[in-house]
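Engineer: Pasting a structure below so you can have a look.
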Amino acid sequence: MELGTGLVSIVAPALVVGLLLGGEVSDALTPIVRCFGVALLSLGVACWPRQQPVESDSSAFRAMLIYNALIALYLAWLGASAHVGGLLLWPAVALHAGVALALVRTSRNARALE
């Protein structure tokens, strides 16, 4: 459910708002619905069943990495291509990109120690 709702929220935010809330999406609400979609997509990937047993924190790690990387990219796209953004847009891009990079570095360091 989360994967499907997340993908549709990213691709067709007006459809999700219309079906869930029975309303229309304003220009200001569209990016928020897409951010919601990225969060749901990350949750769906984290919860996807795996064939092999994995450590308990790997699902949370994947979800956090996917979420922060996709939100950083989407917010950067909003600012650069759609010319949308307020005072905190670029700091939010930097914060999410920094968290994603820190997660990648942590993963690499953990693998190097194994």
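Engineer: Working only within the stretch 40-68, note down all residues that are touching a Ser or Thr at 6+ places or on another chain (Cβ under 9 Å) and modelled with pLDDT of 90 or more.
Structural biologist: Residues satisfying the conditions are L40, L41, M64, L65, I66, Y67, N68.
Engineer: Give the stretch 15-29 a look and list any residue that's open to solvent by 90 Å² or more (accessible area, probe 1.4 Å) and outside any helix (DSSP H, G or I), or say none.
Structural biologist: E24, D27
Engineer: Next question. Could you say whether any residue in the stretch 44-60 is within 14 Å of the chain's Cα centre (by Cα), surrounded by fewer than 16 Cβ atoms within 10 Å (Cβ to Cβ) and not in a loop (DSSP other than H, G, I, E, B)?
Structural biologist: Yes: the stretch 44-60 contains one or more residues that are within 14 Å of the chain's Cα centre (by Cα), surrounded by fewer than 16 Cβ atoms within 10 Å (Cβ to Cβ) and not in a loop (DSSP other than H, G, I, E, B).
Engineer: Can you tell me which residue among A92, A112 is in contact (Cβ under 8 Å) with a residue 12 or more places away in the chain, part of a helix (DSSP H, G or I) and over 18 Å from A46 (Cβ atoms)?
Structural biologist: A92
Engineer: Among the candidates P13, P31, P49, single out the residue that is touching a Lys or Arg at 6+ places or on another chain (Cβ under 7 Å) and farther than 15 Å from A97 by Cα.
Structural biologist: Among P13, P31, P49, only P13 is touching a Lys or Arg at 6+ places or on another chain (Cβ under 7 Å) and farther than 15 Å from A97 by Cα.
Engineer: Take the residues in the stretch 66-89 that are in a helix (DSSP H, G or I) and of a type in the set (G, A, S), then tell me which one is nearest to A46 (Cα to Cα).
Structural biologist: In this case the residue turns out to be A69.
The values are calculated or read from the model by the stated rules, or taken from the named source; none is laboratory data. Computed from a predicted model, the values in this text were never measured in an experiment. No Cβ is skipped: glycine too gets one built from the backbone with ideal geometry, and neighbour counts run over all protein chains shown. Accessible surface areas use protein heavy atoms only, side chains included; no ligands, DNA or RNA. Shrake-Rupley method; radii C 1.70, N 1.55, O 1.52, S 1.80 Å.
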